[in-house]
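Right, one structure below, let's go through it.
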Amino acid sequence: MSIDIAVVPVAGHGTRLLPATKSQPKEMLPVGRKPVVQYVVEELAHSGIRRLLFITGASKTSIENHFDIDDRLITYLRESGREEELAQLDFERRDIEYFYTRQRRQLGLGHAVLCARSLVGQQPFVVALGDSIIGINAKSDIVQRMADEFERSKADLVVAFEEVPPSDVVRYGIAKPRGAVSDIFELEDVVEKPAANEAPSTLAVAARYVFSPAIFDELVETKPGKGGEIQLTDAMRSLLKKGGKGIGFRLPATEPRFDIGNYESYYQSFVEFALADPDYGPGLKAHLQKLLANG
């Protein structure tokens, strides 16, 4: 895969997770042993990404701190013989360059992606939302497969989708496939939050994208919508309507998306990751079974 740069928007307020996110970014909330954004970075590294641009906002400096090398902590752990705990910091030494820029005004996901234009320039790039994990423990290579298809098919955009219940389509951007749907399909349009009886499918946008730099021109021309925000979906639709080639990737059941956007999904994600922990999962399972048995 020749695409080696990813944009990770992390500037949102996380209001649906208040009060936990009042002073702590939702992307830094723990899911099992790691914060959400660490799983995202590990997934991207697994797919060959070597440059990461975080689009941050106020009160997000803990994300920058997390990926810095903390020499004092390393020295303390080494000198006190805590080698097992020191091993937990291996992610600091990954061969990745980190860049950070502020989204100075909260003008939507499209505007956040547009903030990356100066660094990305005229090269294709990945967008990975910083509050969504794909697969258990960052083992998914969906981004690599998407990037390979982007290059193979000479696409302008490749988007990951997940199956959702018909009653939930009103909450998402929904794929309108061109022709029959398979695991990889041509994308005719993306319909933003359609009514259940008007949805062209039950495939919802799933937090991973590969774009050509042409998306930046569309974002510049995209007018703000509800709440004064520039929607990434609107720019995608415009690019497709102008003849751009779009490809959809359907996430397999073995690579579910964990959306850390509200308490229900956060609790479910934490429990699933904690149960998968090789050291503590079995004990947690027994504890949960005991709680449920006692009703």
Residue separation times 0.36 nm, minus the C-alpha to C-alpha distance between VAL181 and SER167: what's the value? 3.0 nm
Nearest 5 percent is fine: what portion of the DSSP beta bridges confined to the chain is antiparallel? 60
Treating the angle as unsigned and between 0 and 90°, give the value, to the nearest 10°, between the Cα long axis of helix 36-46 and the longest Cα principal axis of the chain. 70
Using R₀ = 30 Å, calculate the FRET efficiency as 1/(1 + (r/R₀)^6) where r is the Cβ-Cβ separation of GLU192 and TYR100; round to 0.05. 0.55
What ranking do 156-165, 211-220 get when scored by the average of other Cβ atoms within 10 Å per residue, highest first? 156-165, 211-220
Mind checking the full-extension length gain between SER2 and LEU73? Use 0.36 nm per residue of separation minus the Cα-Cα distance, one decimal, nm. 22.0 nm
Distance cut-off 22 Å, Cα to Cα: go down the list LYS139/LYS290; LYS60/LYS285; LYS154/LYS176; LYS60/LYS226 and report the pairs above it. LYS139/LYS290; LYS60/LYS285; LYS60/LYS226
Would you work out which of GLY244, VAL220, ILE230 lies farthest towards the positive end of the dipole of the range 200-268? Charges go on Cβ: Lys and Arg +1, Asp and Glu -1. GLY244
Show ASP168, ASP95 ordered by accessible area, largest first, where the area counts protein heavy atoms only and the probe is 1.4 Å. ASP95, ASP168
Label VAL271 and ASN65 with points 7 Å out from Cα along Cα→Cβ: what is the distance between them in nm? 3.2
How long is the gain from LYS223 to GLN289 if the chain were fully straight, where each residue apart is worth 0.36 nm and the alpha carbon distance is subtracted? 18.6 nm
Tell me the angle of helix 263-275 to the major Cα principal axis of the chain, expressed in degrees between 0 and 90 and rounded to the nearest ten. 50
Pairwise label distance in nanometres, HIS46 with GLN88, each label 7 Å out on the Cα-Cβ vector: 2.0
One finds, for SER80 and GLU149 with R0 = 41 angstrom and r their Cβ-Cβ distance, a FRET efficiency to the nearest 0.05 of 0.30
The alpha-carbon center of the range 204-262 and that of the range 123-168 are separated, in whole Å, by 11
Counting only protein heavy atoms and a 1.4 Å probe, tell me what percentage of the chain's accessible area is made up of carbon and sulfur. 50
Net charge contributed by nearby residues that have their C-beta within less than 9 Å of ASP189 (K/R +1, D/E -1): +3
For the range 202-295, which trypsin sites (Lys or Arg not before Pro) are both in a DSSP coil and crowded by at most 13 other Cβ atoms within 10 Å? LYS242
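The values are calculated or read from the model by the stated rules, or taken from the named source; none is laboratory data. These figures come from a predicted structure and were not determined experimentally. For neighbour counting, all protein chains shown are included, and Cβ atoms are generated from backbone atoms with ideal geometry for every residue, glycine included. Accessible surface areas use protein heavy atoms only, side chains included; no ligands, DNA or RNA. Shrake-Rupley method; radii C 1.70, N 1.55, O 1.52, S 1.80 Å.
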